[in-house]
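I have placed the structure first, in the form of structure tokens, so that the comments after it can refer back to it.
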Amino acid sequence: YNLNSMHSEVIEQASEAVLFADANEIIKIWNKKAELVFGYTSEEAIGRPLAIIIPDRFLSRHQDGYKGVIKTGVTAYDGKILSVPAKRKDGSTISIEFSVAIIREQREILGISAIIRDTTEEWKQTNKP
């Protein structure tokens with residue numbers, strides 16, 4: 001079997017959204033589950049900035065943090081699950097949990113990958129008035 005083809009299929013068939021953005025925050029990988037979670041097809045998302053899924057009020061903080069990780073190669077979130085709001089194509093806000101990994105080739109940082117789960121329903125259940 002072809003290992004590259006198998007890696008691609010594992011990402012595509014994952015039960016969580018999987019994405020990869022390069023050092024300039026441009027989306028390069030966007031799987032089927034990401035399409036369902038965020039509402040953008042892979043054709044619409046790939047080549048666009050991560051900003052398409054970041055709520056406006058968090059965008060500058062996100063961008064500063066992303067640049068810092070790319071520059072230093074260090075993230076405080078390595079191995080942790082983060083819970084944050086995200087933005088769908090239709091403009092609605094959802095709740096997500098995600099983990100990140102810095103992707104390198106030799107010593108060069110290529111970008112950051114994220115594995116994401118939509119937790120909107122669970123968030124609604126635990127935050128009822």
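The values are calculated or read from the model by the stated rules, or taken from the named source; none is laboratory data. It should be emphasised that the depicted structure is a prediction, and the values quoted were computed from it without experimental measurement. Positions of Cβ are generated from backbone atoms using ideal geometry, with glycine treated the same way; all protein chains shown enter the neighbour counts. Side chains are part of the model used for accessible areas, which takes the heavy atoms of the whole protein and leaves out ligands, DNA and RNA. Shrake-Rupley method; radii C 1.70, N 1.55, O 1.52, S 1.80 Å.
Sorting THR72, THR119 by solvent-accessible area of protein heavy atoms yields THR72, THR119, largest first, with a 1.4 Å probe. Computed over the Cα atoms of the chain, what is the convex hull's projected area averaged over all directions, in nm²? Its Cα hull, projected and averaged over all orientations, spans 9.0 nm². For GLY111, the amide hydrogen comes within under 5 Å of the amide hydrogens of ILE103, counting only partners 5 or more places away or on other chains and with H modelled in the peptide plane.
The HN-Hα couplings worked out from phi for the stretch 59-68 by the Karplus form 6.51 cos²θ - 1.76 cosθ + 1.60 (θ = phi - 60°) are 4, 5, 5, 4, 4, 4, x, 4, 4, x Hz, whole numbers, x standing for Gly and Pro.
In terms of the Cα gyration tensor, with a ≥ b ≥ c the square roots of its eigenvalues, is the stretch 53-92 rounded because a/c is under 1.5, prolate because a/b exceeds b/c, or oblate? It is oblate, given that a/c is not under 1.5 and a/b is not larger than b/c. Carbon-plus-sulfur accessible fraction, the chain (probe radius 1.4 Å, protein heavy atoms only): 53%. Distance from the C-alpha centroid of the stretch 56-82 to that of the stretch 20-47: 18 Å, rounded to the whole angstrom. Note on ARG61/GLN125: beta-carbon distance plugged into 1/(1 + (r/R0)^6) with R0 of 35 Å gives a FRET efficiency of 0.80.
Using only the Cα atoms of the stretch 68-129, build the gyration tensor, take square roots of its eigenvalues as a ≥ b ≥ c, and label the shape rounded, prolate or oblate: rounded if a/c is under 1.5, else prolate if a/b is larger than b/c, else oblate. Cα axes put the stretch 68-129 in the prolate bin. Amide H contacts under 5 Å for ASN31: VAL18, restricted to partners 5 or more places along the chain or on a different chain, H placed in the peptide plane at 1.01 Å from N. Return the calculated 222 nm mean residue ellipticity for the chain, to the nearest 500 deg cm²/dmol, obtained by summing -39500 (n - 2.57) across DSSP H runs with n ≥ 4 and dividing by the residue count. Rounded to the nearest 500, the figure is -10000 deg cm²/dmol.
The calculated FRET efficiency for the pair GLN106 and ALA76, based on their C-beta separation and a Förster distance of 30 Å, comes to about 0.80. Counting only protein heavy atoms and a 1.4 Å probe, the chain has 65 square angstrom of accessible area per residue. The loop-placed trypsin sites (Lys or Arg not before Pro) in the stretch 1-85, going by DSSP, that have at most 13 neighbouring Cβ atoms within 10 Å of their Cβ come out as LYS80.
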